[in-house]
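Heads up: the structure comes next, in structure tokens.
What follows is calculated from the coordinates using simple rules that are stated; it is not laboratory data. Just so we're clear, the structure is a prediction, and the values are computed from it rather than from any experiment. Reconstructed Cβ throughout: ideal geometry from the backbone, glycine too, with neighbour counts over all protein chains shown.
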Amino acid sequence: MRIAMIGTGYVGLVSGTCLADFGHHVTCVDKDQCKIDGLLAGRMPIWEPGLEALVKANVERGRLAFTTDLASAVADAGAVFIAVGTPSRRGDGHADLSYVFAAVEELAGLIDRPIVVVTKSTVPVGTGDRIAALLEEQGAPVGVSVASNPEFLREGAAIADFKHPDRILVGAEDERAREVLAEIYRPLFLNRAPLLFTSRRTAELTKYAANAFLATKISFINEMADLCEAVGADVQDLARGIGLDNRIGPKFLHAGPGYGGSCFPKDTLALLKTAEDAGIRQRIVSTVVEVNDDRKDAMAGRVREAVGGDLAGKRIGVLGLTFKPNTDDMRDAPSIPLVKGLVAGGASVIAFDPVGREQAEPLLGEIDYADNAEAVADGADALVIVTEWDEFRALNLKELAGRMRGRMLVDLRNIYDRAEAEAAGLEYQGVGRGQV
Ligand code: UDX
């Protein structure tokens, strides 16, 4: 199948590359000439494990191409995927669909036969209907279908997630769209991935419901962590204790500094807007958002208390800045309010992130950066682990303690135990690990 993928962001680039790897012929299109030039030269616009090699292999086999010219990409395509960004609209939190509709407007004039247009971007319920109406209005040929095929991949594990999904969700209103999508994903049901067909509207809303539910699990466990601290219980054991119940499940129960990233914050807000427009209250999701915002804002105070109640003149070393490991993405990262809060309290901050520095610098203002964890520890009153990069999981705590001025390790990801930190001469403060 020949496929055009509009948008070479996280979702578009990974999906396009993986579909090419399944044997389809994919042309990825982006308006950003620099991005396309970079991709043609083998430079990735994002840091994602395994992506560069997979792009290279598929370009070499002639199955993956990059262009800024939508017309040539669409010319012989049986399906056109729209995978452009849908960020939060400034001011009101609605999903900003301007990139989606700009792509559809341009596409409308190029379609000369009944192809399938597929939204892969996360779009509010009803967007597929609006796209279908717009295509019709602009004179697209009869028989053009619009389907919804939301993507559930996670940054940092994007290729594995795309190739081994828990499910593939297709919202379509006609048989041809279902057939075309079934053909595109055929290599995946050979891996036994369930292919779910539903209506276009249901598919669109399901993506938001999935992200909102996962965000709810995180806010839930974070509040349990606070309670554990207050009553002398351990949230790690608690999470295991509830997670082994199949009805609950063990995943997404890691307490931490609050969720960030490109999806949960914007998608929960957009869901609330959809509900508001529909006149339906969503008390759970709105509380989840509030709990998470408060949590991220509270992290600097946690460090302040850990160093004795006053940040003025303190040197705080921060390990990890990106919103999660294995990505350079800083969008809505908990490190942003944390670092700003530390600086506002009078601390000087030195940070190290294995790949996120370039993205972090414009967001964090005047702080120092180091090239490794040891240099972060030099002269620090406290070390704060903010992102659980693998290389922070086996630090030589004794050596770090020896370099520090103070002794405090604030482990916002619970990757160490109190006993091992204390054995290395550090004081330890995790998340939700209360002591009696
Ligand atoms: C998420 C969804 O997982 C994915 O299905 C969707 O397509 C896009 O949004 P992503 O944002 O890449 O993916 O990362 P994810 O691993 O889900 O983590 C999101 C945030 O939640 C991170 O800030 C992470 O640190 C936090 N998190 C996750 C927790 O604090 N605790 C957990 O138990 C899990």
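Descriptive notes on the structure:
- With contacts taken as Cα pairs under 8 Å at a separation of at least 6 residues, the chain carries a relative contact order of 12 percent.
- Two-decimal Rg/Rh across the chain, once Rg and the Kirkwood Rh are taken from alpha-carbon atoms: 1.01
- Here the convex hull built on the C-alpha positions of segment 87-231 has a volume of 148 cubic angstrom per residue.
- In segment 299-436 the Cα-Cα distances spread across 10 Å bins starting at 0 as 13, 49, 34, 4, 0 percent of all pairs.
- As a rough footprinting exposure proxy, the listed residues Phe264, Phe252 were ranked by other beta carbons within 10 Å of their own, and the order from fewest upward is Phe252, Phe264.
- Quarter of the Cα convex hull surface for segment 199-436, i.e. its orientation-mean projected area (nm²): 14.2
- Antiparallel %, DSSP beta bridges [both residues in the chain], to 5: 5
- For Glu60, Glu105, Glu427, order by how many other beta-carbon atoms lie within 10 Å, fewest first: Glu60, Glu105, Glu427
- Cα-Cα over 32 Å, subset of Lys56/Lys398; Lys314/Lys398; Lys35/Lys324; Lys31/Lys217; Lys35/Lys314: Lys56/Lys398; Lys31/Lys217; Lys35/Lys314
- Rg(Cα) / (2.2 N^0.38 Å) computed for segment 1-128, rounded to two decimals: 1.03
- Neighbour-count ranking [beta-carbon atoms within 10 angstrom, fewest first] of Asp129, Asp411: Asp129, Asp411
- The chain: most fluctuating residue of Ser88, Ser335, Ser15 per GNM, C-alpha cutoff 10 Å: Ser88
- With respect to the chain, whose longest principal axis is taken over its alpha-carbon atoms, helix 51-60 is tilted by about 30°.
- Distribution of pairwise C-alpha distances over segment 200-340, 10 Å bins, in %: 11, 35, 35, 16, 4, 0
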